[in-house]
1. Mind listing whichever residues of segment 71-85 are within 25 Å of T152 (Cβ to Cβ) and not charged (D, E, K, R)?
2. Taking the options L403, L428, L416, L399, name whichever one is assigned to a helix (DSSP H, G or I), within 14 Å of the ligand (Cβ to nearest atom) and either of a type outside the set (D, E) or not assigned by TED's automatic domain parsing to the domain that holds A70 (or both).
3. From the set of residues in segment 52-64 that are within 21 Å of E37 (Cβ to Cβ) and without any contact (Cβ under 8 Å) to a residue 24 or more places away in the chain, which is nearest to the chain's Cα centre (by Cα)?
4. Which residues, taken from segment 85-105, are within 14 Å of the ligand (Cβ to nearest atom) and assigned to a helix (DSSP H, G or I)?
5. Among the listed residues E173, E196, identify the single one that is more than 21 Å from H108 (Cβ to Cβ), within 15 Å of the ligand (Cβ to nearest atom), modelled with pLDDT of 95 or more and buried (at least 24 other Cβ atoms within 10 Å of the Cβ).
6. Could you look through segment 112-139, keep only residues that are within 16 Å of P99 (Cα to Cα) and small (G, A, S), and pick out the one that is farthest from the ligand (Cβ to nearest atom)?
7. Among the residues of segment 319-354, which ones are within 16 Å of the ligand (Cβ to nearest atom) and not acidic (D, E)?
8. For the condition surrounded by 23 or more Cβ atoms within 10 Å (Cβ to Cβ) and not in a strand (DSSP E or B), what is the one hit in F370, F365, F338?
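The values are calculated or read from the model by the stated rules, or taken from the named source; none is laboratory data. Nothing here was measured: the structure is a model prediction, and the numbers come from that model. Cβ placement follows ideal geometry from the backbone for every residue including glycine, while neighbour counts extend to all protein chains displayed.
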Amino acid sequence: MTDLLRVNGGTPLKGEITVRGAKNFVSKAMVAALLGETPSVLRNVPLIRDVDVVADLLRLHAVTVDYDDAAGVLEFDSANVETAHVRDIDAHAGSSRIPILFCGPLLHRLGEAFIPDLGGCHIGDRPIDYHLQILRQFGAVVNKQGMGIHITAPRGLHGTKVELPYPSVGATEQTLLTAVRAQGKTELKNAAIEPEIMDLIAVLQKMGSIISVDTDRVIRIEGVDRLAGYEHTSLPDRIEAASWGSAALSTGGDIYVRGASQPEMMTFLNTFRKVGGAFDIDDDGIRFYHPGGPLNSIVIETDVHPGFMTDWQQPLVVALTQAHGLSIVHETVYENRFGFTDALNGMGAQIQVYRECLGQLQCRFGQRNFYHSAVISGPTTLRAAEIEVPDLRGGFSHLIAALTAEGTSHVSGIELINRGYEHFMRKLAALGADVEMI
Ligand code: EPZ
């Protein structure tokens, strides 16, 4: 399939689409199935590339994975899990960040693991130093080898006390997936408590683990000797739901997102309302629409949960180019997440990025030469352009910008959007977008 998309913009997106399971939960629940000595079933699974990548890696380790993509059901059996060949693992180098989470489960099941060099969106350096430090604290030995790392646990894995320098989602998941079968107790301070993390804890509890989350974001895990499989239905993808909400605002449209769930989106909904968007919530989803009249400029600071999610800001920035006045976005989670604004400025937006922290939140990036604050002046008329998609969320923003702009744009690198937005061409068609792969 070519990945050049012709977009005739200027038409409001109107209609209904369905959002299924959360990309940033489903991939981790798939890894958790490795720990189960009996079969597992995961429901509400979206057909996205991240799921395929993790399914392939599981199969390389002799885990049977059956995926009914129409029903959105994954079935796993890891009874016969075995070590994979290094060259097969290396072939997956750069495909995703998820492989680093295979370490704990494979060490518990096999005593060793080969992990390919990681991929994932280029939105900063995205190191794995927290992950490797945590694994060493559990007793693992980490060796750089070929296109990845070789990990062993010569004296088994034992519980430990971890305090994260930053509430990292991945490092929290690394700790959970390793501690549940380690000898003894583990304490994790400054943990991430995103809804996707809480759903992973629910899965691990179903499997037989003992995990508590205290009010001070300290997670305590008591290691157990065996874990069984699980049956679980994923929470919905709140990032995709918010992306379509921003698309409705930016194009002056009206989108019903079936499957969207209010509790995980409260902070986004407050911001959406402050900008001038409107929404109606029912038991099956959320209707996001532009009620008419001007949009309002606002100040946003991204943060860990329950703050405004970093993945929500890129699509919303496109809507802010249509708001009256100066909006400010202080990105405190990633140091380099405004690269997508270059293409928006090329379309007529007026976005200036700054190294300073333009906000009150404690931030790791101030005065370190990272352009992690942005000021958006609006409203501006967006013009059609030739666009190259930079990463998943930035790419969706470019799509929204092309749909907002008058005229015909050509968007290349569309394949990147398949990583996290299921059937997005089918959804665009359902919303009346005038788009065509060429
Ligand atoms: C997860 O990435 C998500 N990805 C990201 O979504 C999301 O933006 C992020 O969490 C924050 O919510 C998946 O779940 C697959 P982090 P993750 O560890 O776990 C630094 C999307 O578009 N850090 O919470 O990799 C890191 O550099 C993606 O769906 C270290 O310094 O994020 C960043 O500044 C984008 N060392 C901060 O912590 C480490 O060892 C937060 O990263 C690990 C992280």
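1. F76, S78, A79, N80, V81, T83, A84, H85
2. Unique residue meeting the criteria: L416.
3. Per the criteria, the residue is R59.
4. I98, P99, I100, L101, F102, C103
5. Working: E173 fails: more than 21 Å from H108 (Cβ to Cβ).
Just a single option satisfies the conditions, and that option is E196.
6. Going through the qualifying residues, I end up with A113.
7. Listed by number, the residues that qualify are V329, H330, T332, V333, Y334, N336, R337, F338, G339, F340.
8. The unique qualifying residue is F338.
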